[in-house]
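Encoded as structure tokens, the structure appears first; notes follow it.
The values are calculated or read from the model by the stated rules, or taken from the named source; none is laboratory data. Just so it is clear, the model here is predicted, and its values are computed rather than measured. Positions of Cβ are backbone-derived with ideal geometry, glycine not excepted, and every protein chain shown enters the neighbour counts.
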Amino acid sequence: MHIVSKHTDTYVTGSEVWLVKPDNIDDVFRICITAPRYPVTGGLCGAVIATDAELSAGGLVSTLKSCAVGLDLPLLFAVSIGYPLEATPPFALRRNRDLTPTSWPAFQAVTPSLTGIAQTFATGESEAFLAFIDEELRPALAEAFPIDPDDFTLTGQSFGGLFVLSTLLRRPKAFRRYLAVSSSLWWDDGALVKLAEQVTANSPPPSASVYMCTGELENQARFRVQFGPVKELVPPSMQRADMMGDMFIMQGILQRWVGDDFSVEAHIFPQESHESIMGAAFSRGLRRLYGNL
């Protein structure tokens, strides 16, 4: 990984921004690293890595800093991964490439209708994105900051939640905790659910805690209204998306991993939608994963 530049973030106190070029991805990523509210003294602390910095960075920083005051969470670094602010095409397309576990041409074909961006982009390259985070970014963070290299949590929402669960299945030892929010398990006709069946049947459980959540308002009736005139264009499995049902199916599969050091739970948050859930997810999910709820 080549660090193109580093600078202090003028918008978020205590933050440093890295622009980095991974070894095996032909792109530049914008990494926002925010120190804990209080100085780390006498040792190392953990870190939470979030996808979709453009959407998640502010909420993650606010949650970690506020919860540290009341001892709801330990001191933690917030690390949000996104793209240069002026990136073309924008993050809405780049995330489709980096967060999805399989290539799905049927989705790529309707992306312009869904996003309003007259351009298609690759999907299914999350393996390379995960390798970048696990093999390049995490060691660099642990070297540059007082971060315990064995104490990382991964979180993401929507395609980010899909990526979190894909990471759990493909590199189960990479993170100690996994917070998967509103995971798009409908992707590619449930490809990740099928992978979970195989992995849990043939691999031992990791030492990890998994928390999944979705909102009560993430239902087909609401999605049909949101899709509006393009609803007939999207792939059938996306039209039939059952966010709550899919989450509990995944929970049931992961519970087959029986081990003293592995746990998984799933929750529905009342009155939360796909767009409103992240504040509640950060607060309840992280406090639960760190044993304070």
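Tabulated values for the structure
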{"read-out": "Complete set of residues in the stretch 134-168 that are farther than 15 Å from Val48 by Cα and more than 14 Å from the chain's Cα centre (by Cα)", "value": "Glu135, Glu136, Glu143, Ala144"}
{"read-out": "Residue tally, condition farther than 14 Å from Leu55 by Cα and either of a type in the set (Lys, Arg) or touching a residue at least 60 places away in the same chain (Cβ under 8 Å) (or both), over the stretch 89-102", "value": "7"}
{"read-out": "Met243, sole failed condition from (1) closer than 19 Å to Leu154 by Cβ; (2) touching an Asp or Glu at 6+ places or on another chain (Cβ under 6 Å)", "value": "(1)"}
{"read-out": "First in the stretch 184-209 and within 20 Å of Asp246 (Cβ to Cβ), second anywhere and among the acidic types (Asp, Glu) and not in a helix (DSSP H, G or I), Cβ under 8 Å, 6 or more apart", "value": "Trp186/Asp242"}
{"read-out": "Subset tally (residues that are at pLDDT 90 or above, over 15 Å from Thr51 (Cα atoms) and either of a type in the set (Phe, Trp, Tyr) or part of a loop (DSSP other than H, G, I, E, B) (or both)) for the stretch 69-88", "value": "4"}
{"read-out": "Sole residue being assigned to a helix (DSSP H, G or I), modelled with pLDDT of 95 or more and not hydroxyl-bearing (Ser, Thr, Tyr), chosen from Leu179, Leu192, Leu185", "value": "Leu192"}
{"read-out": "Complete set of residues in the stretch 278-293 that are crowded, with 23+ Cβ neighbours inside 10 Å and among the aliphatic types (A, V, I, L, M)", "value": "Met278, Ala281, Leu286, Leu289"}
{"read-out": "Set Gly46, Gly59: member being under 17 Å from Gly285 (Cβ atoms), in contact with a strand residue (DSSP E or B) (Cβ under 6 Å, 6 or more places away or on another chain) and surrounded by fewer than 21 Cβ atoms within 10 Å (Cβ to Cβ)", "value": "Gly46"}
{"read-out": "Residue list for the stretch 262-287, restricted to those being more than 24 Å from Lys194 (Cα to Cα) and in a loop (DSSP other than H, G, I, E, B)", "value": "Pro270, Gln271, Glu272, Ser273, Glu275, Ser276, Ile277"}
{"read-out": "When residues of the stretch 262-277 are limited to those that are among the acidic types (Asp, Glu) and modelled with pLDDT of 95 or more, the one nearest to Leu289 (Cα to Cα)", "value": "Glu265"}
{"read-out": "Count - residues of the stretch 26-56 that are among the β-branched types (Val, Ile, Thr), modelled with pLDDT of 95 or more, more than 15 Å from the chain's Cα centre (by Cα) and under 24 Å from Tyr178 (Cα atoms)", "value": "2"}
{"read-out": "Selection from the stretch 1-40 of residues that are part of a loop (DSSP other than H, G, I, E, B) and touching a Pro at 6+ places or on another chain (Cβ under 7 Å)", "value": "Met1, Val28, Val40"}
{"read-out": "Ala122, sole failed condition from (1) surrounded by fewer than 16 Cβ atoms within 10 Å (Cβ to Cβ); (2) more than 20 Å from the chain's Cα centre (by Cα)", "value": "(2)"}
